[in-house]
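Scroll down for the structure; my scribbles are underneath it.
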Amino acid sequence: MATSFQTHPDRYRHWKLTFDGERADLVLDVQPFGGLRDDYELKLNSYDLGVDIELADAVQRLRFEHPEVKVVVVKSGQQRVFCAGANIPMLGSSSHAFKVNFCKFTNETRLSIEDASKHSGQKYVAALNGTCAGGGYELAMACDHLILIDDGSSAVSLPEVPLLGVLPGTGGLTRLVDKRKVRRDRADVFCTTSEGIRGKRAVTWGLVDAIAPRSKFDEAVAEAAAALAKGGRDKGPGIALEPIEPEVTEGGDLVYRYVRVELAEQARTAVLRIRAPEEPQPTSADEIQAAGSSQWSLRAFRELDDALLQLRVNHLDVGLVVLRAEGDLDAVLAVDAALHANRDHWLANEILAHQARVLRRLDLTAKSFFALADRGTAFGGVLLELALAADRLYMLADDDEEVAVALSASNLGAMPMSHGLTRLEARFAGDASAVEALAKTKGERLTTAEADELGLVTVAPDEIDWDDDVRIALEERASLSPDALTGMEASLRFPGPEAPDAKIFARLSAWQNWIFQRPNAVGPEGALTKYGAPDRPTFQWTRC
Amino acid sequence: MSTHTTANEVIPLSCPPMSLTDSIPNNVDLGSDKKLLRALEKWQPNFLEWWKEMGPDGFQEDLIYLRTAIDVDPAGWATYDYVKMPDYRWGIFLTPREGERQVHFGDEQGQKAWEEVPGELRGILRRIIVTQADTEPASVEQQRQLGKTAPSLYDLRSLFQVNVEEGRHLWAMVHLLHQYFGRDGREEAEGLLERRSGDADKPRILQTFNEKTDDWLSFFCFTMFTDRDGKFQLAALSESGFDPLARATQFMLTEESFHLFTGETGVERVVQRACELMKQDPNGDARAQGGIDLPTIQKWINFWFSSAVELFGGEISSNAADYFATGLKGRYREAAKYQDHQALGDVYEMTVFEGGKLDRREVPLRNALNEVLRDEYVADCERAVRKWNHVIKKQGVDVELKLPNRRFNRSMGIYAGAHFDLEGRPITAEQFEAHRSEWLPTREDRDYVRSLMVPVYEPGKIANWIAAPKKGVNGQPFELEYVKFAPR
Ligand SMILES: [Fe+2]
Ligand SMILES: [Fe+2]
C-alpha cells in the first residue's frame, strides 16, 4: 500500500499536541502496535516512518496554525523513557531503498524543527525524562535546549556504532560536533560508549544544556521554556492547513489542484506539472492573511512537497522526473512580489520559508530532474527555482520569442539551498559577476536566447529539433545506472562550501548509506542483522 | 611508604588514619595493591557514612551477635562474635581457584577465562555488575526501620546479619568496579552510595528494590522471594568467563543462603502460628487471636512473588542472548547441568499472549535464557511452598498456599499490560480490579499487619503472630541475648 504523508492531529496515533498560551507540548507516546507494518513492535517510544510523518505534520502545523506559540516542549508520554530512536527490527527488515528514504525524511523533519526555531521564532525544548538513545537523542539535538533528568541512571547515548554497526544517521554525528560543538575527542568517546553519558558529565561535555532531579524536572522544563519564549514576536492569528490529498487516477497519476504527476512507470519517468495561479491572488498583508492555506503560494508548494515525497517512497523505480511549469509567468512574479513586499507579515514570511524547504527537499531527492520550458512555460521567480534545482534545463528556442523565464526576489536569497548558497550562486560558483548580471534582470522576461546567454539554459533546441532532442535526452538518462546517477547528482548539485545541514546529507547520510550496504551491517553475520538474534556478529576486518 | 603496619607500630603521618589492610579482611592481596588501596581509601569513609545514614535506624551502638567472614575456608568464613555494626569487618573475598580456568559456554567456549576485563565487553560487564551491586545497598535501605518492630531478639539479629552481609556484597561488587574498571568503575561505585531506595530523584535501578518493606511479613517475603532472585542471578554469574566475577559471586552465594533461610523459615513460622491460632479460636479465625491469617499470608506471597519474577528480565531478550554468547552469564549450574554449552540452534517453547489469547511460540534458546532462569526460580519457590503446606497439614488445617502463576500482576515483559488471574488465565482489567482486594494486600491488610508489629526485645520471648524458630544461631539456644542493647 502506498504511504501517505498527509495526516492531521485528529488522526495522530503517536503524538499529542497540547497548548498553553505561548507554550505547546508535543508529547511522544508511541503505540507499540501502531506501526506502518505489523511485523515489528514499537517498544520504548521507538519510531518508524509513520511516527515521523506525524512529527513533521505537527512541526508544520505549529508554524501555520499556531503562530502564537513561541516555545514547543518535546517530551515523552511514557515513564522513564524519552525515545529509544528508530525501531531496529523495522530497519533490519526494511529494504535498502526504504532505509535510505526513511533516514532522509527523518533528517528533513529534524531540520524543519531547526528551521522553525530560526525563521519562525518557535523555540524547541527537549525534556528528556529517561532513556534517550540513538535517534531519540538525535531528535533532542534538533531542539534548542536539552534538559536531562538526573536520576543516577538516565543517560543520553548514541549506541549505533558499538551496538548496531551503523551510524547515528539522523544528523547525530554532525550535530554533536558542528551544532553543539562537543569536542571531537569527547564525541569519539561518547559515540562508542553504548550506555551513554548521564548527569553532570553530560552537561560538562555539552551533550545536554541542563540536568534536573525528578522532583524538580517539570519545573526546570517550564522555566527553560518560559525563558526561551521571552522576547519572541507576537504573531497570528493562525490559519488552518486545508487538506491537499491528491486524486489518484486509474493509471496512478496524482492530481492535485496545482500539481499533477503523470507516471510513465515503464519508462521509469514521471512528469511533474505545476500550474501558475489563474485566480486572483492576494497582494496586501490582510489579503494574504485572509486567503489562508488556499492561496497559490502555499497550496501549490504543499502539493509539490507531497508529490516529491510520494515519488520518493511510493515510486522507487521512477528515476527521472520531468519538471514543467505552466501558465502565466507574470502571475507567478506577482505572487512573489506580494510575498516579498509583505515579508514582515508572519504568514508571508512562513510561506517563503515553506517554499524554501520544499525546494531543498527537491535538491535532496535521489532522482534526476530535467526541467522543460517550451510554449506556455511559467518558470519565473519561485518556479524558476525548480528549473535551477533541476539537473538540466531544456528551453525551446521558439521563432516568435514567446517562451520566457524571469527572476524575482525569490531567486536572490530567499530560497537558500542546504549549504546556504542560492541556486544561482551554486550554479555560477566562482563567478559572482554572472549572478550580478542576472540579478539586474529581476522582473524582466528573458527570452530563450537571453536566458541562454546569461547561463540559465543547458540546451536550447529549436522547434524542429525539440521533440527528438528532448526524447533522446530523457531516454538516455533513464537508461543510466541509478546508483551512479544518485551519487553524481548529489555531488554536482552542491558546488561551494559545506554547511552543517548539507553535511548531514553529503557526509553522514552518504556514509550511512554505504554502511547500510556492507556485510558488517547487513550481511548474514552483520551487526544489524544479528541485533536481537541469539548469536553475535562477525566482522570482516578490512578497512576501506 | 610503610608496606605493613601492626597495631603496635607508630603509624607515620603520611599514612591513612586507619590501616585499610588491617580493617578489611581479604584474600585479594589488598596490602600490596596500590590501585585498589587508593580507590578504597576514598570509598570506605563514604560507605561508612552511608551505613550510618541509611543502615539500620537506631541500633548502631548495640552489640549484635554477628557472623563475620574473615577467610574463605570453612573455619574462617563464619566466625561469630558480638560486634557493633559500624565496626563490622566488611571483607573482600574471592572463592579460591585451582589451576587455569576456561570460559565454559557461549561463543568463546574453550578460551582461557578472563582475568582482566576484555575491552569489547567493558560496557555490558559493567552494567551486569552495577545492576547486581545496586540491589545490595537497596535492600539495606528498604529494611532500615524494621529493627524497631522485631518479633524477637533472634529475628532482630537475623535482620542485622542480612543487612551487614548485603553491605559486604556491596563491597564485593565495588571491589570489582575499583579493581577492573578504572575511573568509570570508581564513579559507578560512588553512584551506588548516592542512589536511594524509593527516592523520587535517585531511585534504585530495579523497581522491586524501591518497594516498601515495612512489616516483618514483607521482610520474610523479601528474603524468601526477592533475595532468591539474587541467588539465581549470582549462580548464573558464578559461571562467568570473567573469573573475578565468577569467584566473587560464588563467595556471595555462601552468605546468601542464610538470607533465603531467614525468609523461608520466617514465612513458615508465621504460617505455623496462623494454624495454631486458628485452632485456638472458636471460629477458626487467626486474626481474632491476634495473628496473621493464612489468606493474608497468601496475599503477601502473591504480591512478592509477582514482583520478584519481574527481576529476571524480559521473556524474549537480546541482552540475555548477548550475556550468554559473550560468556559473561551462564545458565543456572551451567557447568554441572548441561551437556551442550552453546545453546545455539535450540528453541524454547514459550507461552505468549498475542491477539488477546495465550499461544505457544518457539523462541531461539539464547533469547529465552531469562525465562529459563525464571523456570529454575519458580521451581525452587514451589519447593518452599510445598514445605509450608506440609506444616499446615501437620497442624491438621485444611488450607493450601499456592504460588500465583508467573503471568499474574506483571508490569514488565511480554505479559505486561494484559491481566491474568492467579492461575494465569487471561481476564479483563475490570475482572482484575474486581478481584484485586482478594488477591493482593489491601491498605486495610497492611494496616492490620503493621498493627501487630510491636517489638519484643526480651531474650527468649517472641511476638504472638509468629512461632519461635526450631533452633537458635550457631548452636546457641533461642533464648540467647542475641542483641545487647547499649543504654538508651
Ligand atoms: Fe546480597
Ligand atoms: Fe541477600
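The values are calculated or read from the model by the stated rules, or taken from the named source; none is laboratory data. For clarity, every value in this text was computed on a predicted model and none was experimentally measured. When we count neighbours, we look across all protein chains shown, and the Cβ atoms used for this are built from the backbone with ideal geometry, even at glycine. To get the accessible areas, we keep the full protein, side chains included, count just its heavy atoms, and leave off ligands, DNA and RNA. Shrake-Rupley method; radii C 1.70, N 1.55, O 1.52, S 1.80 Å.
List of remarks:
Table: residues versus (1) outside the structural domain of A:ARG361 (by TED's automatic domain parsing); (2) farther than 29 Å from A:LEU164 by Cα; (3) crowded, with 16+ Cβ neighbours inside 10 Å.
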{"position": "A:VAL435", "(1), (2), (3)": "no, yes, yes"}
{"position": "A:ARG445", "(1), (2), (3)": "no, yes, yes"}
{"position": "A:ASP452", "(1), (2), (3)": "no, yes, yes"}
{"position": "A:VAL457", "(1), (2), (3)": "no, yes, yes"}
{"position": "A:ARG493", "(1), (2), (3)": "yes, yes, yes"}
{"position": "A:ARG507", "(1), (2), (3)": "yes, no, no"}
{"position": "A:TYR531", "(1), (2), (3)": "yes, no, yes"}
{"position": "A:TRP541", "(1), (2), (3)": "yes, no, no"}
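- Considering B:ALA429, B:ALA434, B:ALA418, B:ALA343, the condition of being within 14 Å of chain A (Cβ to nearest Cβ), within 30 Å of A:PHE33 (Cα to Cα) and not polar (S, T, N, Q) is satisfied by B:ALA418 alone.
- Flag for B:GLN60 being open to solvent by 30 Å² or more (accessible area, probe 1.4 Å), of a type in the set (S, T, N, Q), away from ligand 2 (no atom under 16 Å from the Cβ) and assigned to a loop (DSSP other than H, G, I, E, B): no
- Residue in segment A:231-246 that is out of contact with any Pro (no Cβ under 9 Å at 6 or more places or on another chain), touching a residue at least 12 places away in the same chain (Cβ under 8 Å) and either of a type in the set (Phe, Trp, Tyr) or under 30 Å from A:VAL177 (Cα atoms) (or both) present: yes
- If you go through segment B:149-186 and pick out every residue that is within 16 Å of ligand 1 (Cβ to nearest atom) and within 13 Å of another protein chain (Cβ to nearest Cβ), you end up with 0.
- On the stretch given as segment B:187-235, residues that are among the polar types (S, T, N, Q) and either within 14 Å of ligand 1 (Cβ to nearest atom) or not in a helix (DSSP H, G or I) (or both) total 6.
- In segment A:180-200, the residues that are assigned to a helix (DSSP H, G or I), within 14 Å of chain B (Cβ to nearest Cβ) and either β-branched (Val, Ile, Thr) or surrounded by fewer than 15 Cβ atoms within 10 Å (Cβ to Cβ) (or both): A:VAL189, A:LYS200
- Those residues of segment A:325-350 which are among the charged types (D, E, K, R) and buried (at least 20 other Cβ atoms within 10 Å of the Cβ), in sequence order: A:ASP336, A:GLU350
- Boolean, B:ARG446 is of a type outside the set (Gly, Ala, Ser) and open to solvent by 80 Å² or more (accessible area, probe 1.4 Å): no
- Check on A:ARG268, open to solvent by 40 Å² or more (accessible area, probe 1.4 Å), touching an Asp or Glu at 6+ places or on another chain (Cβ under 6 Å) and either among the aromatic types (Phe, Trp, Tyr) or over 16 Å from A:TRP296 (Cα atoms) (or both): yes
- Helices (runs of 4 or more DSSP H) within segment B:295-414 that include 1 or more residues under 25 Å from B:LEU260 (Cα atoms) and in contact with a Phe, Trp or Tyr (Cβ under 8 Å, 6 or more places away or on another chain): B:334-337, B:369-394
Results for (1) open to solvent by less than 20 Å² (accessible area, probe 1.4 Å); (2) touching a residue at least 40 places away in the same chain (Cβ under 8 Å); (3) more than 14 Å from chain A (Cβ to nearest Cβ), shown as yes or no for each residue.
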{"residue": "B:ASP281", "(1), (2), (3)": "yes, no, yes"}
{"residue": "B:VAL309", "(1), (2), (3)": "yes, yes, yes"}
{"residue": "B:ILE316", "(1), (2), (3)": "no, yes, no"}
{"residue": "B:PHE324", "(1), (2), (3)": "yes, yes, no"}
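- Yes/no for B:ARG122 being within 14 Å of chain A (Cβ to nearest Cβ), within 19 Å of the chain's Cα centre (by Cα) and open to solvent by 30 Å² or more (accessible area, probe 1.4 Å): no
- So B:ASP184, is it within 13 Å of ligand 2 (Cβ to nearest atom) and either at positive phi or in a helix (DSSP H, G or I) (or both): no
- Output for segment B:130-154, where each listed residue is away from ligand 2 (no atom under 16 Å from the Cβ), part of a helix (DSSP H, G or I) and open to solvent by less than 20 Å² (accessible area, probe 1.4 Å): B:VAL130, B:GLY147, B:LEU153, B:TYR154
- Flag for A:LYS118 being touching a strand residue (DSSP E or B) at 6+ places or on another chain (Cβ under 7 Å), open to solvent by 30 Å² or more (accessible area, probe 1.4 Å) and not acidic (Asp, Glu): no
- Here B:LEU253 fits the description: among the aliphatic types (A, V, I, L, M), within 11 Å of ligand 1 (Cβ to nearest atom) and part of a helix (DSSP H, G or I).
- Listed by first and then second residue, the pairs linking a residue in segment B:243-265 that is more than 25 Å from B:ALA467 (Cβ to Cβ) to a residue that is open to solvent by 30 Å² or more (accessible area, probe 1.4 Å) and within 11 Å of ligand 1 (Cβ to nearest atom), with Cβ atoms under 7 Å apart and 6 or more places separating them unless they lie on different chains, are B:LEU253/B:LYS231.
- The listed residues are A:GLY152, A:GLY85, A:GLY77, and the only one of them that is in contact with a strand residue (DSSP E or B) (Cβ under 7 Å, 6 or more places away or on another chain) and either surrounded by fewer than 21 Cβ atoms within 10 Å (Cβ to Cβ) or modelled with pLDDT under 95 (or both) turns out to be A:GLY77.
Quick grid of which residues meet (1) under 17 Å from the mean Cα position of the chain (by Cα); (2) crowded, with 22+ Cβ neighbours inside 10 Å:
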{"residue": "B:ARG183", "(1), (2)": "no, no"}
{"residue": "B:ARG186", "(1), (2)": "no, no"}
{"residue": "B:GLU190", "(1), (2)": "no, no"}
{"residue": "B:GLU194", "(1), (2)": "no, no"}
{"residue": "B:ASP201", "(1), (2)": "no, no"}
{"residue": "B:GLN207", "(1), (2)": "yes, no"}
{"residue": "B:THR213", "(1), (2)": "yes, yes"}
{"residue": "B:CYS221", "(1), (2)": "yes, yes"}
{"residue": "B:MET224", "(1), (2)": "yes, yes"}
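- Checked against (1) more than 29 Å from A:ILE515 (Cβ to Cβ); (2) surrounded by fewer than 23 Cβ atoms within 10 Å (Cβ to Cβ); (3) not aromatic (Phe, Trp, Tyr), A:VAL71 passes all but condition (2).
- B:GLU239 meets the conditions (1) buried (at least 24 other Cβ atoms within 10 Å of the Cβ); (2) assigned to a helix (DSSP H, G or I); (3) away from ligand 2 (no atom under 12 Å from the Cβ) in every case but one. The failed one is (2).
- On inspection, B:GLN142 does not qualify as in contact with a Lys or Arg (Cβ under 8 Å, 6 or more places away or on another chain) and either more than 16 Å from ligand 1 (Cβ to nearest atom) or without any contact (Cβ under 8 Å) to a residue 12 or more places away in the chain (or both).
- Residue list for segment A:471-489, filter: surrounded by fewer than 17 Cβ atoms within 10 Å (Cβ to Cβ), part of a helix (DSSP H, G or I) and of a type in the set (A, V, I, L, M): A:ILE472, A:ALA484, A:MET488
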